[in-house]
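Right, one structure below, let's go through it.
The values are calculated or read from the model by the stated rules, or taken from the named source; none is laboratory data. Computed from a predicted model, the values in this text were never measured in an experiment. With ideal geometry, Cβ positions are generated from the backbone for all residues, glycine too; neighbour counts draw on all protein chains shown.
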Amino acid sequence: MKNAISMILAAGLLASCTAPESDSAAAAESDGASAIGTQVLTLDEAEKASEEWGEFVKYYEGETRGTRELLSGTAEIKPGMEIHPPHTHAEEEFLMVLEGQGEWTVGTETFAAKTGDMLYAAPWDSHGIRNTGDTTLKFVFWKWNSKGMETPPEPK
């Protein structure tokens, strides 16, 4: 578990890194008044939703000093289910399996997903996860666009 926590903290640190800003990007950046500040949210404070496929917990949504359109949280997928089919989006994303087993889909490939595995999905790369085990699959995720960088257009 200690190793998994270290990996989660490393992924969070990676998610907060951005490319250096140009002068014009810095000028265009908001004053940060609405950005998420340093804080701890407990599970009791996080926004929760029960779905047919399992449980979704949203911890942070919005912008930070270096990100815009950030979404982070956890999900628990029931056996035999998935949140949604493999998909694409403009945001970068990290996803790490905390408990359980299933299968990753990355592009056209499908392969085993197990506790401790971490996925990085670049913008517009197809990805997904499905619970193929007998117990709940739990994962943590961070999805964002970086400030100071153009959102990549959807490939045709």
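So the values come out like this:
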item	result
Conditions (1) under 29 Å from T64 (Cβ atoms); (2) in contact (Cβ under 8 Å) with a residue 40 or more places away in the chain; (3) touching a Lys or Arg at 6+ places or on another chain (Cβ under 7 Å); number of the one not met by E99	(2)
Among (1) assigned to a loop (DSSP other than H, G, I, E, B); (2) buried (at least 18 other Cβ atoms within 10 Å of the Cβ) - the single one V40 does not satisfy	(2)
Residue, surrounded by the most Cβ atoms within 10 Å (Cβ to Cβ), within segment 72-101, restricted to residues that are farther than 12 Å from V140 by Cβ and among the hydrophobic types (A, V, I, L, M, F, W, C)	I77
Residue among D117, D125 that is at pLDDT 95 or above and more than 22 Å from K156 (Cβ to Cβ)	D117
Any hit, segment 102-114, residues being under 22 Å from L41 (Cα atoms), surrounded by fewer than 18 Cβ atoms within 10 Å (Cβ to Cβ) and touching a Lys or Arg at 6+ places or on another chain (Cβ under 9 Å)	no
Among the candidates E55, E69, residue that is at positive phi, at pLDDT 50 or above, surrounded by 10 or more Cβ atoms within 10 Å (Cβ to Cβ) and part of a strand (DSSP E or B)	E69
Any hit, segment 146-154, residues being in contact with a Lys or Arg (Cβ under 8 Å, 6 or more places away or on another chain) and touching a residue at least 12 places away in the same chain (Cβ under 8 Å)	yes
Every residue from segment 105-125 that is touching a residue at least 24 places away in the same chain (Cβ under 8 Å) and at positive phi	G116, W124
